[in-house]
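The values are calculated or read from the model by the stated rules, or taken from the named source; none is laboratory data. Predicted model, so just to flag it, every value in this text is computed and none were measured. Note: ideal-geometry Cβ built from the backbone for every residue, glycine included; neighbour counts use all protein chains shown.
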Amino acid sequence: MKRRTFLKLAAASALAKTPSQRPNIVFLYADDVGYGDLSCYGAQRAHTPNIDRLAQHGLRFSDAHCTAATCTPSRYSLLTGEYAFRKKGARVLPGDAPALIQPGRETLPSMLKRSSYRTAAIGKWHLGLGDGNLDWNSDIKPGPLEIGFDECFIIPATGDRVPCVYVENHRVANLDPKDPLKVDYQGPLDDSPTGKTHPELLKMKPSHGHDMTIVNGISRIGYMSGGRAALWNDETMADTLANRAVSFIERNANQPFFLYFATHDIHVPRSPNARFNDSTVMGPRGNSIAELDWTLGKVIESLQKQNLLDNTLIIMSSDNGGVVDDGYQDQAVEKLGSHRPNGPLRGGKYSIFEGGTRIPFIVHWPTRVKPGVSSALISQVDLLHSLAELTSTKIAPGGAPDSQNVLPALLGESQKGRQFLIEQASGLALRDGNWKFIAPNHDAAFDKNTNTELGNDPQPQLYDLASDIGETRNIAAQHPEKVTEMLATLKTIAETR
Ligand code: NG6
Ligand code: CA
């Protein structure tokens, strides 16, 4: 190595080691938590003291977004820095879907890994595993380890989809080879009772769908057989995942780490631990919010114990908006009372209205980020570029095409985030500052199962969110020139990268 290059490298690494440049990074990804579900976002019937404290000592965003109104596409965007509508097949995946993110792609963990971060994925995955013919009894790959995570302990898909087992690195955890695990989404693998044939066996009944293999008295989506020793326990899931997160933090206390911690809470089936039974008056949905808050508390406690809290950048967010009845009779509707999962926003999970993608987003980093509230328009797709900027890491050529550097907004140094943002549900919408344009869409306008206003309309919709955050007045007819302009912008962004 030439001397000059060496000196340059030495200088770069000295710089890189200054504490403010290389914080530990914890991304706590809650599932289905809506804009109005946390007390720091106005909830009255749910109390989230740990999350509130994070917001009180950190930066709380009022206009932050996941890229889509469901899980898989949002997570895809967060990890790749690419809008999910560009990726064929990036929709809610079955539990036996192949890996959606191909090894070799630039990802958030691979970028941080190049910067010597130790990386882990713990919790919900839902981005597919294997290359199409997965044998759950042998090595499960490609998966998180092939796209930049050093270790993982994951729920393969969702809590309500088979297989109901954890995968640790390349293997199903606790699998007994004498009881092989099989998964099928086409039909039953044996004559075991299902939710459909034996509803009397269920402790939580479905309200729609979810009537296939029964695990722990809860029928799921999809069929599985075998793997009995490996089955998870829904009621200790939050504890199991929190323990894994704490262990990762403890083991890596002496070097920068990136923890992608994706909770099962508050997705269905909502089966929080019995110790949260009286946490709220809203039944399992409310009590799952309490369990989520407890989980964050465990992470904070561990960081404090390791003396790492001051130099850890914690981001807490959600993968899509809130939903009440998402397929089980869990009293969520009956006990909701005055609680508004999506606060003042219209729609929710699955919807192209703001309730679909505008979600809680809190940034906490005591040595760098001043407490406050930010109205900057930012998206989870921007984290890859922004954290590359923060850690002075180069993004691989062609990587993260839709990710913008919003670091100044993320750190509270600027109130300006992006100008434009595409929101995705069954169709697309465009934000241009406070303007919101929803492209004409002939899909159903309402989902009876979940009681959701999906926001689809064959006519163009235009809203001014500055005066109408609830998207109640379609002013497209009054502003034809704005409609034309925004449709053109949406097309340009969607068709180019
Ligand atoms: C839907 C499921 C819903 C939930 C969702 C994915 C039915 C009827 N509904 O298809 O319960 O699992 O998919 O949620 O099966 S997400 O948060 O992972 O996107
Ligand atoms: Ca979700």
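Within region 229-248, residues that are surrounded by fewer than 16 Cβ atoms within 10 Å (Cβ to Cβ) reach partners that are at pLDDT 95 or above and not in a loop (DSSP other than H, G, I, E, B) with beta carbons closer than 7 Å, at six or more positions or on different chains, in the pairs 235/274.
So is residue 99 over 28 Å from residue 251 (Cβ atoms) and either of a type outside the set (A, V, I, L, M, F, W, C) or in a loop (DSSP other than H, G, I, E, B) (or both) or not? Step through it out loud before you land on a result.
Working: over 28 Å from residue 251 (Cβ atoms): no; either of a type outside the set (A, V, I, L, M, F, W, C) or in a loop (DSSP other than H, G, I, E, B) (or both): yes.
Spelling it out, it is not the case that residue 99 is over 28 Å from residue 251 (Cβ atoms) and either of a type outside the set (A, V, I, L, M, F, W, C) or in a loop (DSSP other than H, G, I, E, B) (or both).
Scanning region 157-168 for residues that are within 15 Å of ligand 2 (Cβ to nearest atom) and outside any strand (DSSP E or B), we see that the one that is surrounded by the fewest Cβ atoms within 10 Å (Cβ to Cβ) is 159.
Flag: residue 278 does not match the condition of being assigned to a loop (DSSP other than H, G, I, E, B), buried (at least 18 other Cβ atoms within 10 Å of the Cβ) and among the acidic types (Asp, Glu).
Residues are listed down the side, and each one gets a yes or a no for (1) assigned to a strand (DSSP E or B); (2) within 20 Å of residue 220 (Cβ to Cβ); (3) touching a Gly at 6+ places or on another chain (Cβ under 7 Å); (4) within 16 Å of ligand 2 (Cβ to nearest atom):
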site: 105; (1), (2), (3), (4): no, no, no, no
site: 110; (1), (2), (3), (4): no, no, yes, no
site: 113; (1), (2), (3), (4): no, no, yes, no
site: 116; (1), (2), (3), (4): no, no, no, no
site: 154; (1), (2), (3), (4): yes, yes, yes, yes
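The set of residues from region 295-323 being buried (at least 24 other Cβ atoms within 10 Å of the Cβ) and within 16 Å of ligand 1 (Cβ to nearest atom) comprises 318, 319, 320, 321, 322, 323. Return yes when residue 286 is part of a helix (DSSP H, G or I) and either within 16 Å of ligand 1 (Cβ to nearest atom) or under 23 Å from residue 55 (Cα atoms) (or both) and no when it is not. Here the answer is yes, as residue 286 does meet what is asked. Quick check on region 136-148. Is at least one of its residues within 16 Å of ligand 2 (Cβ to nearest atom), over 30 Å from residue 384 (Cβ atoms) and at pLDDT 95 or above? Within region 136-148, none of the residues are within 16 Å of ligand 2 (Cβ to nearest atom), over 30 Å from residue 384 (Cβ atoms) and at pLDDT 95 or above.
Let's see how each residue does on (1) at pLDDT 95 or above; (2) within 25 Å of residue 454 (Cα to Cα); (3) surrounded by 15 or more Cβ atoms within 10 Å (Cβ to Cβ):
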{"position": "11", "(1), (2), (3)": "no, no, no"}
{"position": "22", "(1), (2), (3)": "no, no, yes"}
{"position": "26", "(1), (2), (3)": "yes, no, yes"}
{"position": "31", "(1), (2), (3)": "yes, yes, yes"}
{"position": "36", "(1), (2), (3)": "yes, yes, yes"}
{"position": "67", "(1), (2), (3)": "yes, yes, yes"}
{"position": "75", "(1), (2), (3)": "yes, yes, yes"}
{"position": "79", "(1), (2), (3)": "yes, no, yes"}
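Screening 183, 215 for residues that are of a type in the set (A, V, I, L, M), over 30 Å from residue 80 (Cα atoms) and not assigned by TED's automatic domain parsing to the domain that holds residue 321 leaves exactly one candidate, 215.
The residue that is farthest from ligand 1 (Cβ to nearest atom), among those in region 55-79 that are of a type in the set (Ser, Thr, Tyr) and in contact with a Ser or Thr (Cβ under 6 Å, 6 or more places away or on another chain), is 62. Residue count for region 111-164, restricted to those that are among the hydroxyl-bearing types (Ser, Thr, Tyr), over 25 Å from residue 187 (Cβ atoms) and either within 20 Å of the chain's Cα centre (by Cα) or not assigned by TED's automatic domain parsing to the domain that holds residue 313 (or both): 1.
Being free of Cβ contacts under 8 Å to residues at least 12 places away in the same chain and either under 22 Å from residue 426 (Cβ atoms) or among the charged types (D, E, K, R) (or both) is a property that does not hold for residue 113.
Taking the stated definitions as given, is residue 493 aliphatic (A, V, I, L, M), without any contact (Cβ under 8 Å) to a residue 24 or more places away in the chain and closer than 23 Å to residue 358 by Cα? Judged against the criteria, residue 493 is not a match.
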